[in-house]
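Beneath this line is the structure, given in structure tokens, with notes to follow.
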Amino acid sequence: QVQFEESGGDLVQPGGSLRLSCVASGIFFRIAPMGWYRQAPGKARELVASITGAGITKYSDSVKGRFTISRDSAKNTVYLQMKSLESEDTAVYYCNTDPARGGFWGQGTQVTVTS
């Protein structure tokens, strides 16, 4: 069964940093393109970072230069290192394949950026 389990969200001040983790199961993780998505209150879910099985990364303009996605195939885990956090980064963060497998979203992890 496909599952994604996110963790690492927290309350942080503007300018702070966080690292999110996501353990995936039920997929051939080694070759699966993976993505981090986020959904802010009242907004649609959006893809903010992705990484191919070969390690090629892409970022949305809103996080480019501040977020770094990485993966550890030995642990079936994808990470999102976030720095210089802004209030606009407040959202629930999810991981999934890219493109996403609908119906298999995890519970997400809440990131709140506030002073």
In segment 83-98, is there at least one residue being surrounded by 13 or more Cβ atoms within 10 Å (Cβ to Cβ), in a strand (DSSP E or B) and more than 12 Å from the chain's Cα centre (by Cα)?
no
Only one of (1) surrounded by fewer than 16 Cβ atoms within 10 Å (Cβ to Cβ); (2) under 11 Å from the mean Cα position of the chain (by Cα); (3) aliphatic (A, V, I, L, M) does not apply to V2, and that is (2)
Checked segment 99-115 for anything under 13 Å from the mean Cα position of the chain (by Cα), closer than 21 Å to P14 by Cβ and open to solvent by 50 Å² or more (accessible area, probe 1.4 Å); matches are Q110
Filtering segment 33-75 down to residues that are open to solvent by 50 Å² or more (accessible area, probe 1.4 Å), under 20 Å from F104 (Cβ atoms) and either without any contact (Cβ under 8 Å) to a residue 12 or more places away in the chain or in a strand (DSSP E or B) (or both) yields Q39, A44, E46, L47
Filtering segment 76-113 for residues that are without any contact (Cβ under 8 Å) to a residue 60 or more places away in the chain and either among the aromatic types (F, W, Y) or touching a helix residue (DSSP H, G or I) at 6+ places or on another chain (Cβ under 9 Å) (or both) leaves a count of 3
Going through segment 19-31 in order, the residues found to be surrounded by fewer than 20 Cβ atoms within 10 Å (Cβ to Cβ) and on the phi < 0 side of the Ramachandran plot are R19, S21, V23, S25, I27, F28, R30, I31
Across (1) open to solvent by less than 50 Å² (accessible area, probe 1.4 Å); (2) closer than 15 Å to V2 by Cβ; (3) not in a strand (DSSP E or B), V78 clears everything bar (3)
Going through segment 1-22 in order, the residues found to be in contact with a Gly (Cβ under 9 Å, 6 or more places away or on another chain) and either over 20 Å from L85 (Cβ atoms) or part of a strand (DSSP E or B) (or both) are Q1, V2, Q3, F4, E5, E6, L18, R19, L20, S21, C22
Exception for R30 within (1) outside any strand (DSSP E or B); (2) under 22 Å from Q1 (Cβ atoms); (3) modelled with pLDDT of 95 or more falls at (3)
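The values are calculated or read from the model by the stated rules, or taken from the named source; none is laboratory data. Note that this is a predicted model, so its numbers are computed, not measured. Here the Cβ is made from the backbone with ideal geometry for all residues, glycine too, and neighbour counts use every protein chain on show. Heads up: the accessible areas ignore ligands, DNA and RNA and are worked out on the full protein's heavy atoms, side chains in. Shrake-Rupley method; radii C 1.70, N 1.55, O 1.52, S 1.80 Å.
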